[in-house]
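Visitor: Below is a structure I'd like to ask you about.
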Amino acid sequence: MARGYNFAAGPSMLPETVIQQVQTAVADYEGQGYSILEMMHRKPAFEAVLLELKSRVKSLLNVPDDFEILFCPGGGKMQFAMVPLNLVTQGCRGGYVVTGTWSRMASEEARRVAREVTLWAGDGCELPTNVIRVPNDVDYVYFCDNETVDGTEFTGLPMVDNDEVRFVSDMSSNFMSRPIDFTRYAAIWAGVQKNFGTAGLACVIVRRDMLGCAAEIVPSMLDWSVYAKNNSLQNTPPVLQFYTAMLMARWVDEQGGVEEMDRRAKARSDMLYGAIDDMSDFYVCKLAPGVRSRMNVVFNLADESLIPTFVAEAAAQGMTNLAGHRSVGGLRASLYNVMPMEGVEKLTAFMRDFAGRYGKGR
Ligand code: PMP
């Protein structure tokens, strides 16, 4: 079957060239006589993959020298626990800005494993516009840069009344889609399966002086400083995930880097939001323009009973996975780095045709 446009929220589209390279590596890794699936992580062949991955992440994101780049198995949600286990200090708390599904889950996990205070909470459709008060016993201010389910994305740091406090951000769904200014961060992290590879691995970029705060009881596999000391190789790592992320890093580089990813992301999402707003009697996006995500366009049909038909007809034309997250329903088109502009052109043409056939004017 021909490759279509996969609008899934993650795992999501990979470039065909990356898939082909993975296929070749699964058969025989660079003429070594064994598959990447059989590759030992303590051999020069894997060390070269890890070295290239780290150095490309560093240069693509301009990561300052006082930050460590770590790769942790366990995907995104594991970091919900690792952040507080590594950063909440004696008697203090993690401060959470809750803007949607993923930041809420992170705050709940922080409460489970350490201590948490919710600094701000919205209804999933909004982002804070006020200056948030940060109590003195807060170790870090946590937020989710892009809420994958709710479809909101920050354009800068949340405003807080404390110039010293450091931020932690979940960038799982907009990692490698724009430059990052690390100045105010303790750490940023991302599950890599959306813009940067396949599921099961998280990239954590943490300021070195924030490491080593984990309590003695914290298992070593949950302690960032153990990853830092062992070059992310404290156990047998998911070699294929590292390799795919390395290929993605090469791809982002070849395509022009994160500035170019940002330009494309804006072009794609502007086109789709434009189409939704043009046909606002048929398609509805309840998010204000200033909070709309470039990555996950969350919208609905004015007549929700048409959703199964919309999703099925789009899939029949090769545009798959357009149903909204099961918790919120509606529709969602995820437009990550690899989604070509043609995918959005095809989707918006389909939306016009669909509205013409099922709308009032039919
Ligand atoms: N954070 C965000 C913003 C996400 O979108 C997701 C997954 N969709 C996660 C965390 C959780 O990642 P994982 O499924 O790899 O645990």
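Just so it is clear, none of the values below were taken in a lab; they were calculated from the coordinates. Keep in mind the model is a prediction, meaning the values are calculated, not measured. So basically every Cβ, Gly included, is an ideal-geometry build from the backbone, and we count neighbours across all protein chains shown.
Visitor: Can ASP145 be described as in contact with a Ser or Thr (Cβ under 6 Å, 6 or more places away or on another chain) and of a type in the set (D, E, K, R)?
Guide: So ASP145 fits the description; yes.
Visitor: Hey, VAL239 hits all of (1) without any contact (Cβ under 8 Å) to a residue 60 or more places away in the chain; (2) in contact with a Phe, Trp or Tyr (Cβ under 7 Å, 6 or more places away or on another chain) but one; which does it fall short on?
Guide: Of everything listed in (1) without any contact (Cβ under 8 Å) to a residue 60 or more places away in the chain; (2) in contact with a Phe, Trp or Tyr (Cβ under 7 Å, 6 or more places away or on another chain), VAL239 misses just condition (1).
Visitor: Taking only pairs six or more apart or across chains, which ones have beta-carbon atoms under 7 Å, a first residue in region 162-184 that is in contact (Cβ under 8 Å) with a residue 60 or more places away in the chain and on the phi > 0 side of the Ramachandran plot, and a second residue that is in a loop (DSSP other than H, G, I, E, B) and hydrophobic (A, V, I, L, M, F, W, C)?
Guide: MET176/PHE196
Visitor: May I ask you to list the residues in region 131-156 that are closer than 25 Å to ARG294 by Cα and aromatic (Phe, Trp, Tyr)?
Guide: TYR142, PHE143, PHE154
Visitor: Scan region 286-309 and tell me whether some residue there is farther than 20 Å from GLY10 by Cβ, loosely packed, with under 14 Cβ neighbours inside 10 Å and in contact with an Asp or Glu (Cβ under 9 Å, 6 or more places away or on another chain).
Guide: yes
Visitor: Which residues, counting only those in region 131-156, are within 12 Å of the ligand (Cβ to nearest atom) and in contact (Cβ under 8 Å) with a residue 60 or more places away in the chain?
Guide: Scanning region 131-156 gives ASN146, GLU147, THR148, VAL149, ASP150, GLY151, THR152, GLU153.
Visitor: Could you check region 29-130 for strands (runs of 3 or more DSSP E) lying wholly inside it with 2 or more residues that are in contact with a helix residue (DSSP H, G or I) (Cβ under 8 Å, 6 or more places away or on another chain) and within 16 Å of the ligand (Cβ to nearest atom)?
Guide: Hits in region 29-130: 67-73, 93-98.
Visitor: Quickly run through region 166-182 and pick out the residues that are closer than 18 Å to LYS194 by Cβ and either near the ligand (Cβ under 10 Å from one of its atoms) or not in a loop (DSSP other than H, G, I, E, B) (or both).
Guide: Hits for region 166-182 are SER169, ASP170, MET171, SER172, SER173, ASN174, PHE175.
Visitor: Still on this model: Exactly one of these conditions fails for MET339: (1) farther than 30 Å from LEU157 by Cβ; (2) in a loop (DSSP other than H, G, I, E, B). Give me its number.
Guide: (1)
Visitor: For region 1-28, how many residues are more than 20 Å from VAL192 (Cβ to Cβ), in a loop (DSSP other than H, G, I, E, B) and either in contact with a Pro (Cβ under 9 Å, 6 or more places away or on another chain) or not basic (Lys, Arg) (or both)?
Guide: Adding up the residues that qualify gives 4.
Visitor: Within region 210-231, track down each residue that is among the hydrophobic types (A, V, I, L, M, F, W, C), in a loop (DSSP other than H, G, I, E, B) and surrounded by fewer than 19 Cβ atoms within 10 Å (Cβ to Cβ). Reasoning before the result, please.
Guide: So in region 210-231, the residues among the hydrophobic types (A, V, I, L, M, F, W, C) come out as 210-211, 213-215, 217-218, 221-222, 224, 226, 228.
Still in the list and also in a loop (DSSP other than H, G, I, E, B): 211, 213-215, 217-218.
Hits for region 210-231 are CYS213, ALA215, ILE217.
Visitor: Here is a further query. Please verify whether ASP270 is in contact with a Pro (Cβ under 8 Å, 6 or more places away or on another chain) and in a helix (DSSP H, G or I), treating the condition exactly as stated. If you could, list the steps in order and put the result at the bottom.
Guide: Values: in contact with a Pro (Cβ under 8 Å, 6 or more places away or on another chain): no; in a helix (DSSP H, G or I): yes.
Answer is no for this residue.
Visitor: Mind listing just one residue for me: the one in region 72-96 that is buried (at least 22 other Cβ atoms within 10 Å of the Cβ) and among the β-branched types (Val, Ile, Thr) and, of those, farthest from PRO11 (Cα to Cα)?
Guide: Ranking the qualifying residues of region 72-96, first place goes to VAL88.
Visitor: Another question, if that's okay. Which of the following residues is touching a helix residue (DSSP H, G or I) at 6+ places or on another chain (Cβ under 6 Å), closer than 26 Å to THR17 by Cβ and not β-branched (Val, Ile, Thr): MET339, MET319, MET295?
Guide: Being touching a helix residue (DSSP H, G or I) at 6+ places or on another chain (Cβ under 6 Å), closer than 26 Å to THR17 by Cβ and not β-branched (Val, Ile, Thr) holds for just one of MET339, MET319, MET295, which is MET319.
Visitor: Hey, among the residues in region 187-201 that are of a type in the set (Gly, Ala, Ser) and surrounded by fewer than 24 Cβ atoms within 10 Å (Cβ to Cβ), which one's nearest to the ligand (Cβ to nearest atom)?
Guide: Filtering region 187-201 for residues that are of a type in the set (Gly, Ala, Ser) and surrounded by fewer than 24 Cβ atoms within 10 Å (Cβ to Cβ), the one nearest to the ligand (Cβ to nearest atom) comes out as ALA199.
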